[in-house]
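Working notes for the structure below.
The values are calculated or read from the model by the stated rules, or taken from the named source; none is laboratory data. These numbers were taken from a predicted model, which means no experiment stands behind them. Heads up, the Cβs are rebuilt from the backbone with ideal geometry, glycines too, and the neighbour counts pull from every protein chain shown.
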Amino acid sequence: MKYGMIKDQNGIWHKLSKIILGAVKFGTDMSEELSFQVLDLYRDNGGNVIDTARCYCDWLENGHGVSEKTVGKWLTERDCREEFMLITKGGHPPMSDMEQSRLTKHDIFSDINESLEALRTDYIDLYFLHRDDEKVPVKTIMDSLDELVKLGKIRMVGASNWRAERILEANDYARRSGKTPFVASQIQWSYAVAKGKEAFGYGTLSMDDQQHQIYLKAEIPVLAYTSQANGVFSCGYKEDLSDIAKKHEVFYSEGNIELYQKLIKYCKKNEITPTQAALDYIIKNELNGFAIVGCSKLEQLQEILGITGSGLNL
C-alpha cells in the first residue's frame, strides 16, 4: 500500500492510504456480508481510510444512512476504529430538490450528529461539506465547522465539489479569524476527462488544468472521486473508442481517445492493467492526490491493490 500525508490545522501530519475505500454501495447494492469482506481485505492490505457520506444511498428505497451504518457496524465488530481515518460528508441538498441549500449551522450540525450515531463513533477524522452554495458567505460556513472542531466532533474539515478559488477564500477568512481551515478538497478527478461542467450531477465539480494549478501552488491535497472514470478504460474498447457504451459517453472525446491509446502502451510496457495505470495517474501525480475507489467484487479490489509502476504522466 502506498501512503501520503495530509497536514491538519495544527501543523500535525497524518498518514493516509493513497487508495481510499469508497463505501457508497455498502449495505445496499452490496450486501453487508460482501461489504465486510471488502473492508477486511482493504484492512489486511494496509488500507486506513474509509470514505462515506450522510446522503449515501438516498436515491434507493430504504437506502438513507445505510452506508454509514454498515461502516459503523464493521468498525465496532472488528474493534478497529482507531486504525482508520474516517471520512464522511454532509450538507448535501435533498435528492428531490438539488438546488436547495443546506449549509446553515442547523443543517451542518444535524448531519454530523446523525453521522456520528450511524457510524457509532464520537468523532469524524475528516469531515467534508458535500456541496457548496456560493450565495452563503464563507464566514457563516467556517464558523459552524470551527465550532464542531472545538466540540471535538470533527478533527479536520474539507470541501467537496467546491471551486479551488472558493476554498482559498474560506481559508483566508479562517486564518485571519483564528478558525479551522479546509485541509483537503474532494472533487471528480481521473485520467479520463469528463465532458460538461457538471458531468456527474448537479453541483459536482471535475478537475481541470486551472484547478490543478491552484491546488498545486496552494499545496492542497485532493481526494479524487470517480477516480477510475467509471471503468471506461478497463472495458477493452477499441483504441478509437468507436464501440464505447452509452454509460461512458461522458468520456467520449478526441482527447480521451489519445489518452486511451497512451494508456494502452503504458500498460503493455509496465505489465499492469488499465485500472492500475489510471489510478497510478492520481496517486503518483505531482499534486498530492488520493484515489477514492469503489468496487462491487473482491476481485476488483484485489486488482486495485496490486498497483505498480512509475506513474502515468500526461
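List of remarks:
- Among (1) under 18 Å from the mean Cα position of the chain (by Cα); (2) within 26 Å of D280 (Cβ to Cβ); (3) touching a residue at least 60 places away in the same chain (Cβ under 8 Å), the one test that C55 misses: (2)
- Hits in the stretch 250-291 (condition: of a type outside the set (S, T, N, Q), in contact with a helix residue (DSSP H, G or I) (Cβ under 9 Å, 6 or more places away or on another chain), under 17 Å from M1 (Cβ atoms) and part of a helix (DSSP H, G or I)): L279, D280
- Hits in the stretch 54-90 - residues which are under 20 Å from A224 (Cα atoms), modelled with pLDDT under 95 and not basic (K, R): C55, Y56, C57
Quick grid of which residues meet (1) surrounded by fewer than 16 Cβ atoms within 10 Å (Cβ to Cβ); (2) not small (G, A, S):
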site: H212; (1), (2): no, yes
site: L216; (1), (2): yes, yes
site: A224; (1), (2): no, no
site: A229; (1), (2): no, no
site: C235; (1), (2): yes, yes
site: L241; (1), (2): no, yes
site: H248; (1), (2): no, yes
site: I257; (1), (2): no, yes
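- Residue within the stretch 187-198 that is out of contact with any strand residue (DSSP E or B) (no Cβ under 7 Å at 6 or more places or on another chain), free of Cβ contacts under 8 Å to residues at least 60 places away in the same chain, crowded, with 16+ Cβ neighbours inside 10 Å and not acidic (D, E) present: no
- Wholly within the stretch 54-168, strands (runs of 3 or more DSSP E) carrying at least 3 residues that are out of contact with any Asp or Glu (no Cβ under 7 Å at 6 or more places or on another chain) and surrounded by 22 or more Cβ atoms within 10 Å (Cβ to Cβ): 124-129, 154-160
- Selection count, the stretch 218-248, where residues are of a type outside the set (F, W, Y) and in contact (Cβ under 8 Å) with a residue 24 or more places away in the chain: 15
- Total residues in the stretch 182-203, condition farther than 15 Å from F251 by Cα and assigned to a loop (DSSP other than H, G, I, E, B): 2
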